Structure formats: C-alpha cells, structure tokens
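This report concerns only the one structure given below.
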Amino acid sequence: MRARVRIVHGVALLATGLLAGAFGYGAANLVPTFDAVPQDMRFAFHTELMKVNGITVQGAMVVSTLGSLALAVLTRGRFRLAAAAASLLAFASFLITRFGNVPINGRIKRWAVSGPEPETAELLSRWELFNIARTLCGIAAFVVLIALALRVRPGGPERVVGPA
C-alpha cells in the first residue's frame with residue numbers, strides 16, 4: 001500500500017508542479033509581455049497560445065485534481081485532509097479558468113480578427129485577475145503537496161503516509 005501511495009503522491013506532485021509552474025511562468029512573464037506589446041500583437045499571440053495551452057494546462061489541472069483526490073482516498077487523518085485541500089485548490093484553478101479566463105479568451109480570439117471593443121481594457125483586467133486567482137490556487141496546491149512530501153514521523157525519516 002505504501003508504494004502505491006508514494007506513486008500517487010509523486011504523480012500528484014508532478015502534475016501540480018507543472019500546473020503551478022505554467023501558471024507562475026504565465027503570471028511572471030507572459031502577462032507583462034502581453035501588456036508591453038501592441039494590442040493586435042497581444043490578441044494574435046494570445047489566440048495562438050490558447051490553442052496549445054488549453055490542452056496542456058487542462059490536462060495538468062485534471063491530473064492534479066484527480067491525483068490529489070486519489071492521495072486523499074489512500075491516506076488518513078490530517079494527511080487526507082491536506083491532500084483533499086490540494087485537490088480542491090487544483091479544482092478551483094479549473095473552475096476559475098473555465099468560467100473566468102476561457103470566456104474572455106473567446107472574446108480575445110474575436111478581437112484578433114475584428115479589433116477591440118469598447119470594454120476591452122476592462123475585460124483584459126478581469127482576465128488578469130482570474131489569472132492571478134488560478135495561479136495562487138495552483139501554487140497553493142503544490143505547496144500543500146510538497147509539505148506532505150516533507151512531513152516525517154517523529155523519531156524516523158519515513159514519510160507519514162498510510163492506508164485508509
């Protein structure tokens with residue numbers, strides 16, 4: 001059972017780390033770049049980026065959520081609660097993306113062809129707020145899983161993971 005828990009924890013850590021890294025990179029590098037270039041260039045780049053990003057980031061969100069949930073099912077006590085919290089945080093990043101960023105991404109795709117609308121600046125600001133929220137959720141989920149990986153039993157180096 002311990003080997004299965006370690007494998008599931010590893011998968012959850014990997015997926016959540018990739019998710020947090022993608023969101024962190026986007027927040028630290030892509031968003032400032034979006035703001036520094038002309039709008040038509042931003043819209044064209046954003047549209048192309050979302051074609052690829054949609055697949056990879058959604059995949060990371062799904063594996064992060066399900067991996068952390070599986071870890072919660074396989075463990076007990078506070079470890080279970082923390083793993084469930086990581087799963088909820090990863091799922092929150094999905095909900096924020098799906099119902100916050102994605103609808104605005106659709107508008108950006110139209111703006112790349114037809115040009116901006118009067119409310120463009122407001123919607124881009126909202127997109128950035130949603131981006132910050134999902135980034136914080138992804139990073140928090142990753143931090144929780146790292147904390148679980150580093151947690152040790154008193155008197156020994158073995159990780160605190162156990163069957164349900």
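Compared with the dominant principal axis of the Cα atoms in the chain, helix 2-25 is inclined by about 20°. Solvent-accessible area per residue in the chain equals 54 Å², computed with a 1.4 angstrom probe and all protein chains kept. Full extension of the segment from Val102 to Val52, taken as 0.36 nm per residue of separation minus the current Cα-Cα distance, would add 16.7 nm. Other residues lying with their Cβ under 13 Å from the Cβ of His46 contribute a combined charge of +1, Lys and Arg counting +1, Asp and Glu -1.
When you restrict to C-alpha pairs under 8 Å that are six or more residues apart and normalise by the size of the stretch 29-122, the relative contact order lands at 34 percent. Restricting the stretch 57-131 to GluC sites (Glu not before Pro) that sit in a DSSP loop and have at most 11 other Cβ atoms within 10 Å of their own Cβ leaves Glu119. What is the helix-to-structure angle for 77-96, meaning the angle in degrees between its Cα long axis and the longest Cα principal axis of the chain, kept from 0 to 90 and rounded to the nearest 10? With both axes taken from Cα atoms, the answer is about 10 degrees. In this simple spin-label model, placing a label point 7 Å from the Cα along the Cα-to-Cβ direction at both Ile146 and Leu129 gives a separation of 2.8 nm. Our estimate of slack between Arg78 and Val37, defined as 0.36 nm per intervening residue step minus the Cα-Cα distance, is 10.1 nm. With the charge dipole of the chain set up from +1 on Lys and Arg Cβ and -1 on Asp and Glu Cβ about the Cα centre, the Cα lying farthest toward the positive end among the listed residues Ala141, Gly10, Phe34 is that of Gly10. Its relative contact order, with pairs defined as Cα atoms under 8 Å and 6+ residues apart, puts the chain at 37 percent. Under a 10 Å cutoff between Cα atoms, tell me which one of Gly21, Gly59, Gly115 has the largest fluctuation in the Gaussian network model of the chain. Greatest mean-square fluctuation among the candidates belongs to Gly115.
The values are calculated or read from the model by the stated rules, or taken from the named source; none is laboratory data. Every value quoted in this text rests on a predicted model; they were computed, and no experiment measured them. Cβ: placed from backbone, ideal geometry, glycine included. Neighbour counts: every protein chain shown. Please note that ligands, DNA and RNA were not included when accessible areas were found on the heavy atoms of the full protein model with its side chains. Shrake-Rupley method; radii C 1.70, N 1.55, O 1.52, S 1.80 Å.
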